[in-house]
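A short write-up of the structure that comes next.
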Amino acid sequence: LKIGDVIHRIDGESISTPAELKAFLAETKPGESIRLAVRRPSGDTSTDVELIATLDVYPLQLIQPERPFRTDESVPLHPASFLFSLIQVGEQNESVVLSRSLREDNWQLEPTTDGRGVEFRMQVNGKAANGSPIKLELVKRFRLGMPKTNDEDEPTAPYHLDYDIEIRNLSSAPLRIAYRQDGPNGLPLEGFWYSNKLHPAMFYIAGARDVVWKTETRNATEVLQSFKHDLVSCSDLNKTATKAKKKGKSPETVLFATAAGTPGKRMPLYVAVDTQYFVAAMKPTSKREMVYNQAAAYVLGNLSDIPKAARKSTNVSFHLDSQSFEIFPYDAEAEAKGEGNATFRQSFEIFAGPKVPELLAVYELGDCIYYGWFAPVSKLLAVVLHFFFSLVNNFGLAIVMLTIVVRSGMFPLSRKAAKNAAMMQVFAPQMKKIAEKYKDDMEKRNKAQQDLFKKHNYNPLGGCWMMLLQLPIFIGLYRCLSVDINLRQASLIPGIEWCSNLAGPDMLFVWPEFFTWNVFTELGMLGPYFNILPMFTVALFLVQQKLFTPPPTDDQSRMQMKMMKFMTLFIGIMFFKVAAGLCLYFIASSLWGIAERKLLPKPKLATEGGEPVLPKLNPKPNPKPKPRPKPRLRSPENGKPGRQQSRKKKKQR
């Protein structure tokens, strides 16, 4: 295709609007070929051509314009990313009205001299409080980044733009200037209905699009004190903005601020909008004016239009407010010689890319990947998983192989747990007799059970070690599979659309084709797809529960067993949207456990003379207490009343 071409037919079908083209392409798949009938701009039909196009996957935009929630195309888009504006011109309390809006008016566009980017220019005028004219020239320059090197001095693909801002004072007097630099917005919501990001702070919940930042603190003598990485979720930004709106306050959430006159500086190393697998960050790179008065995050759009269920996926951004600085009048000759102080320059590095650990390490953004409590376990399992993937080139098989390695390493403990479960089933008849014998005496029942376990050298807590050791492995693997971007869009079976993303649910079919309830939507509890792998996982959990749990001996144990079944089903609902890769681990681990239990020989109780050794269930009863002798009654003849008479007189009194 060339500039000016008009597509008027696709595969023999006439089209006349972009909407018809979009509707046609919506019915196609990547890899298909289509025929395009094209009219060239000359108007001569003899120049019409027919082209063959092979369709590809639609590229993912990390930063793109976005409309408010639940609106049509007639509603304006959210503000663009990386807008620039002036928040102070002149003295602090001086009000200056500029001739043009830096945020809404169009800038003049020019290519850069090195051919790597573009420049946006604008000149604005105004009047100072004393009546003197103000004239400024502003430049925003974006250039494609150059490759960087990693720790091994190997070049890596650039995932950044070099962004420079320049402010020139074309007035005749010095000016004090402060600016506001906006960040990116419109990051992709890919998988927001099933993704589960972790918050660096305990007991806090992250959203689908959050604002993260890292600062360094220096004291008054410029000595580095500390680094700190923080996160504020879009849900918290929504809550803060809603409360502030009711009170008539600013809806923004201050990330960090440097108060005037405060000794020391808190400078941003980066501020970013963070999603599950991608991040867009701004990093100040020039040393001058790295100190900002404050950085604030905010929600874009009308808060009243955002449903409660969509607050964890709303569009968010941030801005940096600089401290004021003085710019002297511009002198072209001095500027050409590299002298003078009439142009303010600030440089940023804009990273927009995937959260690959090695890549983020190059850009010093490694803290944007957070594994949680058991980070060392997660990282170790990720290394093993990628090693197996290098052998079989399939993450589904690699997860199964990882499961085999994990279960093999825990085989001695799991075998002990399986033996304990089998022993409990053998003990079931005797436990039932003990429960019936001492149903009204819990102390004696516990004593008899302990005697039974002691006689057969059985430790009822022996299987708990398996659960305690498996917990960090389970949590570590869960975080490993949830964070690892390599599992994103990795197929279980190549070429089959089902389970084509091991980092998300398997998505067998779409719910809304059968149900229209809100619970079966992207904002609902179960999501828009029916997932079959969680069903297999819950079924295997129930089978394991039946194999490992002894039969009930009384009403209380029967109730506990029913509660365990209901809890298993409830957990299945709660984890219905869990990643397919984690379900594979559960399924493989459950099958291992079932096979381990079935192949284990049935234990037998120790015997004496062919009879099982059991505690005595009929201990010798305690002797009955001797009856107290009846009190001797004194006769009234001796002049002293008997006891009964004395009691009778007392009652009469």
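Values as computed for the structure displayed
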| quantity | calculated |
| --- | --- |
| Leading residue by the ranking (modelled with the highest pLDDT) among those in segment 27-73 that are hydroxyl-bearing (Ser, Thr, Tyr) and in a loop (DSSP other than H, G, I, E, B) | THR28 |
| From GLN123, GLN92, GLN88, residue being touching a Lys or Arg at 6+ places or on another chain (Cβ under 8 Å), in a loop (DSSP other than H, G, I, E, B) and either farther than 30 Å from ASP305 by Cβ or hydrophobic (A, V, I, L, M, F, W, C) (or both) | GLN92 |
| All positions within segment 65-120 that are small (Gly, Ala, Ser) and within 38 Å of the chain's Cα centre (by Cα) | SER74, ALA80, SER81, SER85, SER101, GLY117 |
| Filter pass, TYR270 being buried (at least 20 other Cβ atoms within 10 Å of the Cβ) and either modelled with pLDDT under 85 or more than 14 Å from the chain's Cα centre (by Cα) (or both) | yes |
| Residues within segment 104-122 that are surrounded by 12 or more Cβ atoms within 10 Å (Cβ to Cβ) and either under 14 Å from PHE84 (Cβ atoms) or among the hydroxyl-bearing types (Ser, Thr, Tyr) (or both), tallied | 6 |
| Any pair with Cβ under 7 angstrom, 6 or more apart, that starts in segment 183-196 at a residue that is within 12 Å of VAL316 (Cα to Cα) and ends at one that is among the basic types (Lys, Arg) | LEU187/ARG209 |
| Selection within segment 133-173 - surrounded by 13 or more Cβ atoms within 10 Å (Cβ to Cβ) and part of a loop (DSSP other than H, G, I, E, B) | GLY145, PRO158, TYR159, LEU170, SER171, ALA173 |
| Subset of segment 294-313 that is surrounded by fewer than 18 Cβ atoms within 10 Å (Cβ to Cβ) and polar (S, T, N, Q) - its residue that is modelled with the highest pLDDT | GLN294 |
| Residue that is nearest to GLY372 (Cα to Cα) [pool: residues in segment 181-212 that are open to solvent by 30 Å² or more (accessible area, probe 1.4 Å) and part of a strand (DSSP E or B)] | LEU198 |
| Those residues of segment 526-559 which are at pLDDT below 80, surrounded by 17 or more Cβ atoms within 10 Å (Cβ to Cβ) and not polar (S, T, N, Q), in sequence order | PHE548, PRO550, PRO552 |
| Qualifying residue in segment 472-484 (condition: modelled with pLDDT of 80 or more and over 27 Å from the mean Cα position of the chain (by Cα)) | no |
| Condition met for GLY12 (under 42 Å from the mean Cα position of the chain (by Cα) and modelled with pLDDT of 80 or more) | no |
| Residue that is within 25 Å of HIS160 (Cβ to Cβ), outside any strand (DSSP E or B) and open to solvent by less than 20 Å² (accessible area, probe 1.4 Å), where the choices are LEU385, LEU402, LEU360 | LEU360 |
| Checklist (1) modelled with pLDDT of 70 or more; (2) in contact with a Lys or Arg (Cβ under 8 Å, 6 or more places away or on another chain) applied to TRP465, failing item | (1) |
| Single residue of GLN88, GLN64 found to be in contact with a Ser or Thr (Cβ under 8 Å, 6 or more places away or on another chain), surrounded by 12 or more Cβ atoms within 10 Å (Cβ to Cβ) and within 29 Å of GLY301 (Cβ to Cβ) | GLN88 |
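The values are calculated or read from the model by the stated rules, or taken from the named source; none is laboratory data. What you are looking at is a predicted structure, and each value in this text was computed from that prediction instead of being measured. Ideal geometry is used to build each Cβ from the backbone, glycine not excepted, and the neighbour counts take in all protein chains shown. Please note that ligands, DNA and RNA were not included when accessible areas were found on the heavy atoms of the full protein model with its side chains. Shrake-Rupley method; radii C 1.70, N 1.55, O 1.52, S 1.80 Å.
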